[in-house]
Amino acid sequence: QVHLVESGGGLVQPGGSLRLSCAASRSIFSFYTMGWYRQGPGKQRELVAAIVSGGTTHYVDSVKGRFTISGDNAKNMVYLQMNSLKPEDTAVYYCNALSSAREYWGQGTQVTVSS
């Protein structure tokens with residue numbers, strides 16, 4: 001069983017920054033991709049950013065230039081650095097990992113962008 005645990009969410013003012021962390025219970029190399037999804041109030045869950053095992057990254061257009069996904073293989077960690085946050089970034093952010101057998105989800109961490 002794989003466990004993903006997110007941390008780093010909170011309340012931040014517009015224009016501020018947060019870094020989300022996802023701790024995996026096994027090597028992140030073992031997954032095809034790891035990513036961050038979010039689900040805002042009344043919205044469907046959407047992919048925000050993903051990193052493929054070879055290191056390629058993908059971002060939804062709305063966060064390009066503001067968010068950066070990265071991984072630390074030695075620590076089994078994946079991060080999402082979020083800068084220039086906007087109120088519309090308010091959501092529960094979920095860590096996701098995809099292996100050959102199935103996908104895994106964390107419990108989510110709340111990010112609220114408000115003045």
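Structure values in brief
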{"quantity": "Other-chain or far-sequence residues with amide H under 5 Å of Tyr32's (modelled H)", "calculated": "Leu98, Ser99, Ser100"}
{"quantity": "For region 34-47, 3J(HN,Hα) per residue [Karplus equation, 6.51 cos²θ - 1.76 cosθ + 1.60, θ = phi - 60°, Hz, x = Gly/Pro]", "calculated": "10, x, 10, 10, 9, 9, x, x, x, 10, 7, 5, 10, 6"}
{"quantity": "For region 14-22, 3J(HN,Hα) per residue [Karplus equation, 6.51 cos²θ - 1.76 cosθ + 1.60, θ = phi - 60°, Hz, x = Gly/Pro]", "calculated": "x, x, x, 10, 9, 10, 8, 10, 10"}
{"quantity": "Per residue, in Å², the accessible surface of the chain once ligands and nucleic acids are set aside, probe 1.4 Å", "calculated": "52"}
{"quantity": "Principal axis box of the chain, alpha-carbon based, largest edge first, Å", "calculated": "41, 24, 23"}
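The values are calculated or read from the model by the stated rules, or taken from the named source; none is laboratory data. Here the structure is a predicted model, which means the values were calculated and not measured. Please note that ligands, DNA and RNA were not included when accessible areas were found on the heavy atoms of the full protein model with its side chains. Shrake-Rupley method; radii C 1.70, N 1.55, O 1.52, S 1.80 Å.
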